[in-house]
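Heads up, the thing below is written out as C-alpha cells.
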Amino acid sequence: MSAIEQGVAAGRHERQRIRNGQVRGNTAGLAPGNVQANLVVLPRALAHDFLRFAQANPKPCPVLAVSEAGDPRLPGLGADLDLRTDLPRYRVWRDGELVDEPEDLFAVWRDDLVGFALGCSFSFEEALVEDGIELRHITCGSNVPMYRTSIACAAAGPFHGPLVVSMRPLKPRDAIRAVQITSRFPSVHGAPVHIGLPAMIGIKDLAKPDYGDAVPVGPDELPVFWACGVTPQAVIAEVRPEFCITHAPGSMLITDLRNTQLASL
C-alpha cells in the first residue's frame with residue numbers, strides 16, 4: 001500500500017471513529033502523517049469576505065479547501081468527509097458569543113453555510129518530532145498553549161482582529177532548526193512569527209494562555225511563537241457575526257492528505 005493509500009485508509013478510519021463517538025477530545029496523534037485542519041463555517045453572505053481575509057493573512061489562515069454553500073463535503077480532503085460529523089467537538093457562535101459545543105452539526109446546519117478547512121500546526125509538529133525536537137505540550141500530554149497578541153491581522157470587509165499564536169518552548173539550537181523545518185510548510189502556518197520576549201507581542205504571562213494549556217518553559221529555553229488557526233475565533237469575538245461554527249481548540253478535521261504532500265521542498 002502506498003503512502004497516499006495509507007493516508008486515505010487512516011483518515012477514513014479515524015473519521016469513522018469520531019462519527020461513532022469513540023473520539024471526543026484532542027485529535028493530536030491520530031492518523032499519524034495525515035494532515036489535520038482547523039474549521040470555520042460561515043453564512044454565504046460572509047464567505048467571500050472571509051476568503052479575502054484568509055488570503056490577506058495566510059500564516060494564521062492557510063486555506064486548504066472551501067465547500068460549496070450548503071454542502072458539508074470537501075471531496076479534495078476525503079471522499080467520505082462530512083463537516084457535520086467528522087470533528088470530535090465543534091463551537092457554535094451567535095453574535096460573537098459561544099453558545100454551544102456540540103458533537104455534530106445536524107441541529108444547526110443550514111443550506112447557506114460555507115465551510116473553510118485551514119491548515120493546522122499538527123502537520124509541522126510531526127516534522128519537528130521526527131527531527132528529534134521535543135515539543136513540551138506533547139511531553140505533558142496537554143493541548144498547545146495559545147495566546148492572543150497585540151499584532152493586528154490585515155482587515156478584509158468586516159473581518160479584523162488580533163493574531164493568535166501557539167507557543168512551543170525550545171532550546172536556541174532547536175529553535176533555529178525549527179525555523180528551517182517549518183519554513184517548508186507554508187500551507188500549515190510556516191515559520192515562526194516571533195521568538196522570545198513575549199511582552200513585545202502583547203503576551204503578559206506565558207502561564208495564562210487564552211486557549212489550550214500552559215506548559216513549563218525552562219531557563220535555557222526560548223518561547224517560540226507560530227501563527228495559529230484559532231485566530232478566526234478571536235476575529236469572530238471582535239466582528240460578532242450573527243452565526244458561525246468553528247472547531248473546538250485541539251479537535252481537528254482529519255483529512256486523507258499526507259503531510260509530505262504539503263511540504264514545499
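A few points about this structure:
- Carbon + sulfur, % of accessible area of the chain - ligands and nucleic acids excluded, 1.4 Å: 53
- Placed amide H near V193: partners under 5 Å, 5+ positions off or other chain: F225, W226, A227
- For the pair the range 143-168 and the range 74-114, the centres of their Cα atoms are 22 angstrom apart.
- When the Gaussian network model of the chain links Cα atoms closer than 10 Å, the mean-square fluctuations of Y90, Y147, Y211 top out at Y211.
- Normalised by the number of residues in the range 113-182, the mean separation of alpha-carbon contacts (under 8 Å, six or more apart) gives a relative contact order of 31 percent.
- In sequence order, calculated HN-Hα J values of the range 59-69 (Karplus, 6.51, -1.76, 1.60; Hz; x Gly/Pro): 6, x, 10, x, 7, 9, 6, 10, 8, 6, 4
- Amide proton proximity set for R94, modelled H, under 5 Å, gap of 5+: V99
- About the Cα centre, charge dipole magnitude for the range 167-248 (Lys/Arg +1, Asp/Glu -1 at Cβ), debye: 280
- Hz values of 3J(HN,Hα) by residue in the range 131-138 - Karplus curve (6.51, -1.76, 1.60), Gly and Pro given as x: 8, x, 8, 6, 10, 4, 5, 6
- Charged-residue dipole, Cβ positions (Lys, Arg, Asp, Glu), the chain about Cα centre, Debye nearest 20: 340
- Contact order normalised by residue count of the chain, Cα under 8 Å, 6+ apart, percent: 32
- Per residue accessible area of the range 149-192, 1.4 Å probe, in Å²: 38
- Size descriptor, Kirkwood hydrodynamic radius, that averages inverse alpha-carbon separations across the chain, Å: 18.4
- Under 5 Å, built H, 5+ apart or other chain: amide partners of A248: R89, Y90, R91
- For the range 159-211, a simple Cβ point-charge model (Lys and Arg +1, Asp and Glu -1, everything else neutral) yields a dipole of about 220 debye relative to the Cα centre.
- Sequentially through the range 30-41, phi angles give Karplus couplings (6.51, -1.76, 1.60; θ = phi - 60°) of 7, 6, x, x, 8, 5, 10, 10, 6, 10, 9, 10 Hz, Gly and Pro residues having no value and appearing as x.
- Per residue accessible area of the range 42-141, 1.4 Å probe, in Å²: 44
- Helices in the chain, meaning DSSP H runs of at least 4 residues, each add -39500 (n - 2.57). Divided by all residues, the mean residue ellipticity at 222 nm is -7000 deg cm²/dmol.
- For the chain, a Gaussian network of Cα nodes joined below 10 Å ranks G250, G218, G78 by mean-square fluctuation, and the top entry is G218.
- Sorted largest first, the spans of the alpha carbon positions of the range 64-135 along the three principal axes are 45, 29, 18 Å.
- Enclosed volume per residue, in Å³, of the convex hull spanned by Cα atoms of the range 120-265: 123
The values are calculated or read from the model by the stated rules, or taken from the named source; none is laboratory data. Keep in mind it's a predicted model, so treat the numbers as computed, not measured. Every residue, glycine as well, gets a Cβ built from its backbone with ideal geometry; the counts of neighbours run over all protein chains shown. Heads up: the accessible areas ignore ligands, DNA and RNA and are worked out on the full protein's heavy atoms, side chains in. Shrake-Rupley method; radii C 1.70, N 1.55, O 1.52, S 1.80 Å.
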